[in-house]
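Here's the structure, in C-alpha coordinates; my notes come after.
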Amino acid sequence: CLDDKDKVHEFDSSWRSEDCNDCSCSRSGIGCCSSYMRPVDFDEEKCESIFNKETCSYKVVEKDDHSKECSVHHWVG
(Lines give C-alpha, C1' and ligand atoms only; values in the text may rest on other atoms or scores of the structure.)
Protein backbone atom coordinates (compact mmCIF):
# COMPACT_ATOMS: atom_id res chain seq x y z
CA CYS A 1 0.00 0.00 0.00
CA LEU A 2 1.16 3.53 -0.76
CA ASP A 3 0.01 6.18 1.74
CA ASP A 4 -0.62 9.88 1.09
CA LYS A 5 3.03 10.65 1.99
CA ASP A 6 4.22 8.18 -0.70
CA LYS A 7 5.45 5.73 1.92
CA VAL A 8 5.07 2.02 1.16
CA HIS A 9 3.42 -0.23 3.78
CA GLU A 10 3.32 -4.01 3.75
CA PHE A 11 0.03 -5.91 3.57
CA ASP A 12 -1.45 -6.65 7.02
CA SER A 13 0.55 -3.82 8.64
CA SER A 14 -0.78 -0.98 10.79
CA TRP A 15 0.60 2.39 11.90
CA ARG A 16 -0.31 5.77 13.35
CA SER A 17 -0.02 8.68 10.92
CA GLU A 18 1.44 12.12 11.63
CA ASP A 19 -2.16 13.37 11.83
CA CYS A 20 -2.98 10.92 14.64
CA ASN A 21 -4.97 8.51 12.49
CA ASP A 22 -4.70 4.75 13.00
CA CYS A 23 -4.20 3.15 9.59
CA SER A 24 -3.89 -0.36 8.24
CA CYS A 25 -2.99 -1.88 4.90
CA SER A 26 -4.76 -4.89 3.38
CA ARG A 27 -4.96 -6.31 -0.12
CA SER A 28 -8.07 -4.16 -0.68
CA GLY A 29 -6.23 -0.91 0.23
CA ILE A 30 -5.57 1.44 3.12
CA GLY A 31 -8.13 2.24 5.82
CA CYS A 32 -7.70 4.98 8.43
CA CYS A 33 -9.71 6.35 11.33
CA SER A 34 -9.02 8.92 14.02
CA SER A 35 -7.25 7.66 17.12
CA TYR A 36 -8.59 10.40 19.39
CA MET A 37 -11.80 11.74 20.86
CA ARG A 38 -12.90 15.32 20.14
CA PRO A 39 -14.66 17.44 22.80
CA VAL A 40 -18.07 18.71 21.65
CA ASP A 41 -20.03 19.76 24.74
CA PHE A 42 -18.25 22.37 26.86
CA ASP A 43 -18.51 26.10 27.62
CA GLU A 44 -17.11 27.55 24.37
CA GLU A 45 -17.39 31.14 25.58
CA LYS A 46 -15.12 30.51 28.56
CA CYS A 47 -13.03 27.59 27.28
CA GLU A 48 -11.14 26.35 24.24
CA SER A 49 -9.92 22.97 23.06
CA ILE A 50 -6.25 22.47 22.25
CA PHE A 51 -4.96 19.49 20.28
CA ASN A 52 -1.63 17.93 21.27
CA LYS A 53 -0.03 16.07 18.33
CA GLU A 54 2.49 14.43 20.67
CA THR A 55 -0.21 12.61 22.66
CA CYS A 56 -2.93 12.65 19.96
CA SER A 57 -5.42 14.09 22.43
CA TYR A 58 -7.41 17.22 23.20
CA LYS A 59 -7.29 19.27 26.36
CA VAL A 60 -10.05 21.75 27.18
CA VAL A 61 -8.86 24.75 29.16
CA GLU A 62 -10.00 28.23 30.12
CA LYS A 63 -9.17 30.77 27.43
CA ASP A 64 -7.71 33.20 29.98
CA ASP A 65 -5.78 30.61 32.00
CA HIS A 66 -4.55 27.47 30.26
CA SER A 67 -3.58 25.94 33.60
CA LYS A 68 -7.29 25.52 34.45
CA GLU A 69 -9.12 22.64 32.78
CA CYS A 70 -12.80 22.87 31.86
CA SER A 71 -15.52 20.26 32.18
CA VAL A 72 -16.45 18.39 29.00
CA HIS A 73 -19.84 16.70 28.91
CA HIS A 74 -19.51 14.79 25.59
CA TRP A 75 -16.68 13.52 23.39
CA VAL A 76 -16.91 12.09 19.85
CA GLY A 77 -14.38 10.10 17.90
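Listing for the model above:
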item	result
Scope the range 21-75; condition farther than 30 Å from GLU10 by Cβ, among the aromatic types (Phe, Trp, Tyr), open to solvent by less than 80 Å² (accessible area, probe 1.4 Å) and under 16 Å from the mean Cα position of the chain (by Cα); matching residues	TYR58
Neighbours by Cβ (under 7 Å, 6+ apart or cross-chain): first from the range 1-15, in contact (Cβ under 8 Å) with a residue 12 or more places away in the chain; second open to solvent by 90 Å² or more (accessible area, probe 1.4 Å) and part of a loop (DSSP other than H, G, I, E, B)	PHE11/ARG27
Qualifying residue in the range 43-55 (condition: assigned to a strand (DSSP E or B), within 16 Å of CYS1 (Cα to Cα) and among the β-branched types (Val, Ile, Thr))	no
Yes/no for ASP19 being acidic (Asp, Glu), part of a loop (DSSP other than H, G, I, E, B) and at pLDDT below 95	yes
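The values are calculated or read from the model by the stated rules, or taken from the named source; none is laboratory data. Remember, it's a predicted structure, so these values are computed and weren't measured experimentally. Virtual Cβ from ideal backbone geometry, glycine too; neighbours counted across all protein chains shown. The accessibility values were calculated without ligands, DNA or RNA, using every heavy atom of the protein model including side chains. Shrake-Rupley method; radii C 1.70, N 1.55, O 1.52, S 1.80 Å.
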